[in-house]
Structures are given as C-alpha cells and as structure tokens.
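Colleague: The structure's right below; bear with me while I get my questions together.
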Amino acid sequence: MPELPEVETTRRKIEPLLRGRVIERVLHDAPHKYRDTALAEGRRVTGLSRRGKYLLLHLAAGEAAEATGGEHDLELIVHLGMTGGFRLTRGPHTRVSFELSGGEALHFDDPRRFGKVAVVRRGEYASMPTLAAMGPEPLSDDFGEAAFAELAARCGPVKPWLLSQKPVSGVGNIYADESLWLARLHPAQTRLTEGEAARLYHALRGVMAEAVERGGSSLGTGAGNYRQHDGEPGGFQHAHRVYGKAGEPCARCGTPIQKVVLGQRGTHFCPQCQPLRDPT
DNA sequence: CCGTGTGCCTGAAAGC
DNA sequence: TGCTTTCAGGCACACG
C-alpha cells in the first residue's frame, strides 16, 4: 500500500534520525529477504533518496564521509512492500533493527513480510529488476508529456501498464485508480489517444503532488494502517474519489462507483464518466 | 518482448 | 460466539 507519496513522507520523516549516524549493527533473522545487511555496519548515512517506491540510504565509510563531505559507495535499499514502516521501538512485527551511533535504534516493522531490504554497491540494481527498469519520477522534469503520450499510444490495458513502473515510477493501486478517475479513463482502456494521454499525464502529476503534500494516505484500522514512526497519519485518504468507494456515488456524476478485478487487483471506477472506448 | 498466472505473507473482515 | 474462509496487494518469477 505504501506508494510514492507514502515512501516520500517516510523518507522526509526518518532522514533527520539517520543523517550523519553510523549504522553500528543490523539485526534480523531472514538473510534471504534482507540481503547483505552486514555491509552496512560501521558505515555512515550521508543522505536518503527515493526512486519510485524504493527508499535508498546512502552509506559511506565512517571516516570517508567526513573527509569527502558525503561521497557514498554503498546503498541500503528498502522497499516497504504492503505493510512496511519504521518505528522507534521494537514490536511484535519488527523484522529488521538498525542500531545507530548515539545509542538510538530504528526498527523496520512489516507484519505481512512483503518488504525487502538489501545493501548494494551504489547504482547496482541488477538484483532488483523493477528498480533497474524504473520509469521517470512523476514529479520531475524527466517525466515528459510527449514521451509519455508516445508510449501510451501503444499501451495495453492502461491500469496494469501504469502499475508496471515503466511509463512512470511510484504509482500503485490507489493512485492508479484515482488518476484514471480524474483523467476520465477506463482502467482497461488500451492505446490512448493524444488527448487521453495528456489528461492522464496531468492527472498523475496532480494526484501525486497533492498526496505528497498531504503526507500520503492512511487506510484501515489494523496493522496494514499506514502511519509514520511518530504515529502521524497522512491525510490524502479524505481526497479519494474512487478507491474504497464501491457503491458510493461518483463525485462528478452520482453514478455508483463500481469495483471489479483487473489484472488481479481491486479496481475502482465510475462506469458513467470512465467509459471503455472502442479500440481505434 | 509481452501479457498472464502464481507464490509470497499474515491480520482483518466476512461468512457460517 | 467462535471457528473457518476469503481478501488485500507489490513484486519476482515461470510460462506460452
């Protein structure tokens, strides 16, 4: 469930806790899921970045970091999966603990264990194919309208295509549904016209920007409820127009929102204002 | 290369 | 009420 806005919010919140600290020990009991974490021990966190839904901790040798002002040669990659998040205290769902210089610790909690952690050499993402093939950041200048429209003209069903992370990075189930509603596109539409692609491009940018600004979406009441380490929920769930709104009236036309399964994902849309156009 | 199907994983919600 | 079943879903991987 954490998508780009939730990961970006996480990055901003934990950066002050990590920047400049040395990771003294990394504790977990699942070496296949959390790979090469011992390489992080003794290294200093010089910064945190994000690519799509991946969080990247920049790691430099403790002394080199001070000498060079932050050149890093390793990266600790975190994917939050469905239910991953950071906490200040250990809990029943803590999967990885980071012991930091200064005596503090940060814990990676992940009830459903879909999250991943790995240490790699800087920029070497061969072991993470989705990250290696990641499309442009939706809020960056690298995400161009013309290039997006060109790809969209040849796309298959548009929602699964968005979820592939290739045309644009960081879009998950919630923000795909919300963006398609805003763009008035049926989730199964193929081969978008130039006008349709333009609507979707601007919808994606608008939805992502607003969601980041509001600190992401917090849903549900249980362990899947996405919150930050300080317990603060995001606020974008109040702006959802279709996700989780099956049976409720569409905010544009009043038609009940429909929920179907598309590409094995729950998919919410308005059958009135998001009609499936005949293939051209 | 591409679309499709399956497994991973466990708490919450729904069903009986 | 208490047990069982279903559902949620990002991503890696196998398949045709």
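The values are calculated or read from the model by the stated rules, or taken from the named source; none is laboratory data. These numbers were taken from a predicted model, which means no experiment stands behind them. Note that each Cβ is placed from the backbone with ideal geometry, even for glycine, and that neighbours are counted across all protein chains shown. Side chains included, ligands, DNA and RNA excluded: accessible areas come from the protein's heavy atoms. Shrake-Rupley method; radii C 1.70, N 1.55, O 1.52, S 1.80 Å.
Colleague: Pulled fully out, how much extra length does the chain show between A:Asp141 and A:Leu276, if you take 0.36 nm times their separation in residues and subtract their Cα-Cα distance? Working shown, then result.
Modeller: Values: separation 135, 0.36 × 135 = 48.60 nm, distance 3.08 nm.
Computed gain between A:Asp141 and A:Leu276 is 45.5 nm.
Colleague: Same structure, new question: For the range A:33-39, just list the computed ³J(HN,Hα) in residue order, Karplus coefficients 6.51, -1.76 and 1.60, θ = phi - 60°, integers in Hz, with x standing in for Gly and Pro.
Modeller: With the stated coefficients, the range A:33-39 comes to 8, 10, 9, 6, 5, 4, 5 Hz.
Colleague: Pick out, from A:Pro167, A:Pro136, A:Ala126, the residue whose Cα sits farthest towards the positive end of the charge dipole of chain A, with +1 on the Cβ of Lys and Arg and -1 on the Cβ of Asp and Glu.
Modeller: Of A:Pro167, A:Pro136, A:Ala126, it is A:Pro167.
Colleague: Now a separate question. Mind putting a number on the dipole of chain A about its Cα centre? Charges go on the C-beta only, +1 for Lys and Arg and -1 for Asp and Glu, and I need it in Debye to the nearest 20.
Modeller: Working: 36 positive and 33 negative charges, 172 e Å.
The dipole of chain A has a size of about 820 debye.
Colleague: Give me the aspartates and glutamates in straight-line cross-link reach of A:Lys116: C-alpha distance below 17 Å, same-chain residues under 8 apart excluded.
Modeller: Straight-distance partners of A:Lys116: A:Glu3, A:Glu6, A:Glu8, A:Asp29, A:Asp36, A:Glu75, A:Glu124.
Colleague: In deg cm²/dmol, rounded to 500, what helix-only [θ] at 222 nm does chain A give when every DSSP H run of at least 4 residues adds -39500 (n - 2.57) and the total is split over its residues? Mind dumping the intermediate values first?
Modeller: Values: 7 runs with 71 residues, N = 280.
Rounded to the nearest 500, it is -7500 deg cm²/dmol.
Colleague: Compute the distance from the alpha-carbon center of the range A:231-271 to that of the range A:141-194, in whole Å.
Modeller: 17 Å
Colleague: Under the rule of at least 5 residues apart or a separate chain, name every residue whose amide H is placed under 5 Å from the amide H of A:Arg35.
Modeller: HN-HN under 5 Å from A:Arg35: A:Val117, A:Ala118, A:Val119.
Colleague: So which helices of chain A fit the span-like rule, where a helix is a whole DSSP H run, its Cα atoms reach 30 Å or more along the axis, and its mean Kyte-Doolittle is at least -1.0? Please report the intermediate quantities before stating the final value.
Modeller: Values: long enough: none.
Sorted by number, there is nothing, because no helix extends far enough and scores high enough.
Colleague: Taking a quarter of the surface of the convex hull around the Cα atoms of chain A, what do you get in nm²?
Modeller: Working: hull surface 59.9 nm².
The directionally averaged projection comes out at 15.0 nm².
Colleague: Count the net charge of all other residues whose Cβ sits under 15 Å from the Cβ of A:Leu100, scoring Lys and Arg as +1 and Asp and Glu as -1.
Modeller: Details: positive: A:Arg19, A:Arg21, A:Arg25, A:Arg43, A:Arg44, A:Arg87, A:Arg90; negative: A:Glu15, A:Glu24, A:Glu41, A:Glu99, A:Glu104.
Around A:Leu100, the charge tally is +2.
Colleague: If each residue of separation counts as 0.36 nm, what is the full-extension length gain between A:Ala246 and A:Thr94 once their alpha-carbon separation is subtracted? Mind dumping the intermediate values first?
Modeller: Values: separation 152, 0.36 × 152 = 54.72 nm, distance 3.35 nm.
Additional length available on full extension: 51.4 nm.
Colleague: Still on this model: Using +1 on the beta carbon of Lys and Arg, -1 on that of Asp and Glu, and nothing else charged, what's the dipole of the range A:4-132 about the Cα centre, debye to 20?
Modeller: Value, rounded to 20: 500 debye.
Colleague: Sort A:189-201, A:101-113 by packing, meaning the average of other beta carbons within 10 Å per residue, with the highest value first. Please report the intermediate quantities before stating the final value.
Modeller: Working: A:189-201: 18.9, A:101-113: 16.4.
Ranking, from highest mean packing down: A:189-201, A:101-113.
Colleague: Please list, in chain and number order, the residues 5+ apart from A:Cys155 or on another chain whose amide H is under 5 Å from its amide H, with Hs placed from the backbone.
Modeller: So A:Cys155 has HN proximity to A:Arg191, A:Leu192.
Colleague: If the limit is 21 Å between Cα atoms, which of A:Lys53/A:Lys159; A:Lys13/A:Lys53; A:Lys53/A:Lys166; A:Lys13/A:Lys166 go over it?
Modeller: Numbers: A:Lys53/A:Lys159 17 Å; A:Lys13/A:Lys53 15 Å; A:Lys53/A:Lys166 13 Å; A:Lys13/A:Lys166 27 Å.
The answer is A:Lys13/A:Lys166.
Colleague: Taking all protein chains together and a probe of 1.4 Å, list A:His32, A:His79, A:His72 from the most accessible to the least accessible. Before the final figure, lay out the partial values.
Modeller: On the way: A:His32 170, A:His79 40, A:His72 20 Å².
Result of the area sort, largest leading: A:His32, A:His79, A:His72.
Colleague: Report for the range A:4-132 the percent antiparallel among DSSP-assigned beta bridges with both residues inside it, nearest 5.
Modeller: On the way: 34 of 36 bridges.
Looking only at bridges with both residues in the range A:4-132, the antiparallel portion is about 95 percent.
Colleague: What residues from the range A:232-268 fall in the zone where the backbone N is under 14 Å from a label point 7 Å along the Cα-to-C-beta line of A:Thr130?
Modeller: What the label zone holds, given the 14 Å backbone N cut-off, is A:265.
Colleague: Next question. Counting each pair of different Cα atoms once, what's the Kirkwood radius of the range A:92-183 in Å, rounded to one decimal? Intermediate results must be reported in sequence, preceding the final value.
Modeller: Working: mean 1/r = 0.0619 Å⁻¹.
Evaluated on the range A:92-183, it is 16.2 Å.
Colleague: How many Å² of accessible area per residue for chain A, probe 1.4 Å?
Modeller: Details: 12890 Å² over 280 residues.
With the other protein chains kept in place, chain A gives 46 Å² per residue.
Colleague: A further question on this structure: Report in % the part of the accessible area of chain A that belongs to carbon and sulfur, leaving out ligands and nucleic acids; probe 1.4 Å. All intermediate terms of the calculation are to be shown ahead of the outcome.
Modeller: Values: 6410 of 12890 Å².
For chain A, the apolar C and S fraction of the accessible surface comes to 50 percent.
Colleague: Further question: Return the sequence-ordered ³J(HN,Hα) values of the range A:93-101 in whole Hz as given by the Karplus equation 6.51 cos²θ - 1.76 cosθ + 1.60 applied to θ = phi - 60°, using x for Gly and Pro.
Modeller: With coefficients 6.51, -1.76 and 1.60, one gets 10, 5, 10, 9, 10, 10, 8, 10, 4 Hz.
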